1. Do you know which of the residues in the stretch 165-191 that are among the small types (Gly, Ala, Ser) and either in contact with an Asp or Glu (Cβ under 9 Å, 6 or more places away or on another chain) or not in a strand (DSSP E or B) (or both) is farthest from Ile208 (Cα to Cα)?
2. Would you tally the residues in the stretch 63-95 being more than 20 Å from Val41 (Cα to Cα) and touching a Cys at 6+ places or on another chain (Cβ under 7 Å)?
3. Give the stretch 195-210 a look and list any residue that's over 14 Å from Lys173 (Cβ atoms) and either among the β-branched types (Val, Ile, Thr) or in a strand (DSSP E or B) (or both), or say none.
4. Pick from His39, His44: which is in contact with an Asp or Glu (Cβ under 9 Å, 6 or more places away or on another chain), at pLDDT 95 or above and at positive phi?
5. I'd like to know if the stretch 14-27 contains one or more residues that are surrounded by fewer than 15 Cβ atoms within 10 Å (Cβ to Cβ) and hydroxyl-bearing (Ser, Thr, Tyr).
6. So which residues in the stretch 150-164 are among the aliphatic types (A, V, I, L, M), assigned to a strand (DSSP E or B) and surrounded by fewer than 15 Cβ atoms within 10 Å (Cβ to Cβ), if there are any at all?
7. Can you tell me which residues in the stretch 200-217 are crowded, with 17+ Cβ neighbours inside 10 Å and over 12 Å from Leu255 (Cβ atoms)?
Amino acid sequence: MRRMIVLLTDYGYRDPYVGVVKGVIKSINPEVEVIDLTHGVERHNVLEAAVILAVSARYFPKNTIFMVVVDPGVGGSRRAILLETSNYILLGPDNGCLTLLAELDGVKRVIDISNSKYKLPEVSHTFHGRDIFAPVAAWISRGVPVEETGVEIDYSEIVKLKIERPLVNPENKAIKASILYIDVFGNIMTNASSIDVSKLNPSHGSRILVEANSSKHICVFEASFSRVPEYELACYINSWGYLEVAVNKGNAAELLRVKQGDTLTMKILS
């Protein structure tokens with residue numbers, strides 16, 4: 001079975017961490033394909049990593065190995081874990097970064113790989129991406145069964161992230177959503193799905209009042225931000241299937257002065 005390893009970290013590109021991780025993987029399995037999903041996750045932002053993983057995984061082949069290292073608790077008491085789901089193998093710290101995808105895809109088993117026999121001979125306190133996750137991922141890509149990589153534990157024992165559902169009020173044509181993710185363009189992705197939005201029955205061109213941090217703005221519901229005039233606000237269902245707010249050729253997060261976790265209230269006016 002041919003597998004690929006996909007890397008998702010907050011390492012950035014200035015330091016040698018990403019290159020060293022790839023070096024470890026290739027030393028064990030020179031033939032494996034390694035893909036960088038992103039190394040630009042906001043430092044220590046576990047929720048951001050979890051969201052990126054959850055919305056991205058469906059575009060990769062079955063049996064892909066995802067290695068997620070956003071790990072502010074490295075060197076502490078947190079475990080290093082492997083989650084086998086219906087379609088993927090997920091490796092990362094036990095801080096919830098794997099669990100949004102795991103619950104979407106279906107959990108088959110959880111392995112504690114903190115003391116895996118497939119880790120490097122010397123394990124540092126601060127670089128488990130190199131010393132534990134990369135070698136275990138590489139050996140799995142060579143065909144080592146996941147059950148041999150560590151000790152099986154119950155899913156109930158691990159840390160989980162939960163995303164609150166938006167509050168949808170069809171009678172008032174309003175929705176209260178939280179911000180899941182802000183991309184490099186300043187586009188604001190909320191936790192309101194296309195199904196949630198459909199309950200309000202908006203039409204293209206609908207004017208929507210957006211309230212954030214005591215400020216109010218008018219947004220137009222459209223198919224994309226390009227359908228509104230430059231520097232104006234647009235609301236639309238993004239490519240992941242969630243309600244998003246953007247400024248055409250601008251930065252919505254800066255305009256609304258919001259960050260991940262903040263709340264947006266939207267009400268259809270017309």
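The values are calculated or read from the model by the stated rules, or taken from the named source; none is laboratory data. None of the values given here were measured: they were computed from a predicted structure. Glycine also receives a Cβ, built like all others from the backbone with ideal geometry; neighbour counts cover every protein chain displayed.
1. Residues of the stretch 165-191 that are among the small types (Gly, Ala, Ser), as a first pass: 174, 177-178, 186.
Now drop any that are not either in contact with an Asp or Glu (Cβ under 9 Å, 6 or more places away or on another chain) or not in a strand (DSSP E or B) (or both), which leaves 177-178, 186.
Working: Ala177: 14, Ser178: 16, Gly186: 19 Å.
My answer is Gly186.
2. Selection size over the stretch 63-95: 0.
3. Here is the first cut: in the stretch 195-210, the ones over 14 Å from Lys173 (Cβ atoms) are 195, 204-205.
Matches in the stretch 195-210: Ile195 only.
4. On the way: His39 fails: at positive phi.
Criteria check complete, one pass: His44.
5. yes
6. First, the residues of the stretch 150-164 that are among the aliphatic types (A, V, I, L, M): 151, 153, 158-159, 161, 163.
Filter again for assigned to a strand (DSSP E or B), leaving 151, 153.
Val151, the sole residue that qualifies.
7. Across the stretch 200-217, the qualifying residues are Leu200, Pro202, Ser206, Ile208.
Yes/no matrix, rows are residues, columns are (1) of a type in the set (D, E, K, R); (2) at pLDDT 95 or above:
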site: Ser77; (1), (2): no, no
site: Pro93; (1), (2): no, yes
site: Leu98; (1), (2): no, yes
site: Lys119; (1), (2): yes, yes
site: Phe133; (1), (2): no, yes
site: Pro145; (1), (2): no, yes
